[in-house]
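Okay, structure first, notes after.
The values are calculated or read from the model by the stated rules, or taken from the named source; none is laboratory data. Remember, predicted model here, so these are calculated numbers, not experimental data. Here Cβ is always computed from backbone atoms with ideal geometry, including for glycine, and neighbour counts include all displayed protein chains.
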Amino acid sequence: MKLRTMLAGTVFVVLSATSCAPGAGSEAPAESAGPVKTGVPEGKATLSLVSTPESGAAVKAIIKAFESKHPNVRIDYQDTNYDDYNKSLNLSLASDQAPDIALLNSVGTTVKDNLVRDLSPYAKAYGWDKTYASTQLNQWRVGTDGSTLGEGKLYAAPAGFSLVGVYYNKAKAAKLGIDAPATLAEFDAALAKAKKAGETPLQLGNAQGHASFPIQLVGQSADGAESAAKWTFGQKGATFDTAGNRAAVTKVAQWAKKGYLPRSANGTDLQSATDKFSKGEGVFFVDGNWDAAKIGEKLGKDAGFIAFPGPKATAIGTSVAYAVSTKSEHPDAAAAFLDFLHSPEASAEQFKAGFMPADISAAKPQDGTVMSDIVAAWSKVNADNGLVGFNNNATATMNDKLTATTQELLAGKTDTSGFVKAIQDEWAGTHG
């Protein structure tokens, strides 16, 4: 099971298997022709936008808000289910009826085949580098080879973010005398205290490899978000064999041996673990904002959330993002809509749909709720430029490798060196 199947409405930047080789007859992406203009052009224009139902609720509301401010522009919306959308997007973009704006779930060969426009001139003209933290915008930059992420030209604009951090049961923590940990040492001590009290210290479902979440968070907290992102992006010379990742693998293996994790973790999926935590089984739980509604509904005021404890606030996450077709006859109008994605109106709609908006002032959660904690954590991550994409998506098959290898780690069938080598070898098979 891919990570996307349990994250409704959130997409991941993945390199498809075909993205490692040029598309048929493709060369390096061409330069965008002509100057760019900011703002909505005069005169009537009709744009077409394609997306998926998971992202549809937010973008349909954003379209309505955009059209009300710019009545000379009409945006026709169409969606297709996730799997069919990804299979047909390149064909759609290459056709004579190519959409003007398209949800970009993965880079794939869209850049190599020159199907989406280089947005760098618009990013410069609109000042998107001042709107978005670099680790957010860089997830949609693509190198000259058409597949390496995190560097080069920009091919999509973000429209709402996900993040993975640490949920905790405030009532259980208070009863045990545990404050929200600010460092890994404090987190370790809190787990030990919970175990001594007979609680499940860290709830976990690893049937789909979600032990990779705490491993990634411990590792990137130590190595730094910028360094960690280079490996996730597939950048040349990056390696999983770092001091932070080695310490992270060792730490999670120790947690398993000490009984800090459920013995049934390898046979439990993420949603089952979420249900258990929501019912009070576990003091801490590493998961994403996509499960906030379920956890908040069950635990109420006892549901808390923090960015992973470390010297700087880091989180795992990515964004919904939209690209402009190279065949669009109205690229300036399309880019104006992309710029509108971080407006107060758009940000409010993104938050309603469960995403973290670029304009955090538009996020107005009720005080004392888990969503208020998530917004606070997101603000810290933004301030520390700490968002890193999912390690599970570093290659098309990395999720499967991490699932198998984390299960071996928790079962004591591999050690730190074996784990690190297996993951780096998997990465090198795609990125060299």
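Contact map, segment 103-116: first residue outside the structural domain of A323 (by TED's automatic domain parsing), second residue of a type in the set (V, I, T), Cβ cut-off under 6 Å, separation 6 or more or different chains; the map is empty. When G282 is tested against (1) of a type in the set (G, A, S); (2) on the phi < 0 side of the Ramachandran plot; (3) buried (at least 18 other Cβ atoms within 10 Å of the Cβ), just one condition goes unmet, and that condition is (2). Of all the numbered requirements in (1) in a helix (DSSP H, G or I); (2) of a type outside the set (F, W, Y); (3) closer than 27 Å to G296 by Cβ, Q366 misses one, and that requirement is (1). Only a single item in (1) under 23 Å from the mean Cα position of the chain (by Cα); (2) surrounded by fewer than 18 Cβ atoms within 10 Å (Cβ to Cβ); (3) among the aliphatic types (A, V, I, L, M) is not met by A125, and it is number (1).
Residue-wise test of (1) in contact with a Ser or Thr (Cβ under 6 Å, 6 or more places away or on another chain); (2) of a type in the set (G, A, S); (3) closer than 17 Å to T395 by Cβ; (4) assigned to a loop (DSSP other than H, G, I, E, B).
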{"position": "G205", "(1), (2), (3), (4)": "yes, yes, no, yes"}
{"position": "P214", "(1), (2), (3), (4)": "no, no, no, no"}
{"position": "V218", "(1), (2), (3), (4)": "no, no, no, no"}
{"position": "A238", "(1), (2), (3), (4)": "no, yes, yes, yes"}
{"position": "A247", "(1), (2), (3), (4)": "no, yes, no, no"}
{"position": "T250", "(1), (2), (3), (4)": "yes, no, no, no"}
{"position": "W255", "(1), (2), (3), (4)": "no, no, no, no"}
{"position": "G259", "(1), (2), (3), (4)": "no, yes, no, yes"}
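A333 passes every criterion in (1) in a helix (DSSP H, G or I); (2) in the same structural domain as G177 (by TED's automatic domain parsing); (3) more than 27 Å from A229 (Cβ to Cβ); (4) among the small types (G, A, S) apart from (2).
With respect to the stated conditions, K251 fails to be surrounded by fewer than 18 Cβ atoms within 10 Å (Cβ to Cβ) and in contact with a helix residue (DSSP H, G or I) (Cβ under 8 Å, 6 or more places away or on another chain).
With respect to K301, determine if the residue is assigned to a helix (DSSP H, G or I), surrounded by 16 or more Cβ atoms within 10 Å (Cβ to Cβ), touching a Gly at 6+ places or on another chain (Cβ under 8 Å) and of a type in the set (D, E, K, R). Before the answer, list the steps.
On the way: assigned to a helix (DSSP H, G or I): yes; surrounded by 16 or more Cβ atoms within 10 Å (Cβ to Cβ): no; touching a Gly at 6+ places or on another chain (Cβ under 8 Å): yes; of a type in the set (D, E, K, R): yes.
No, not satisfied.
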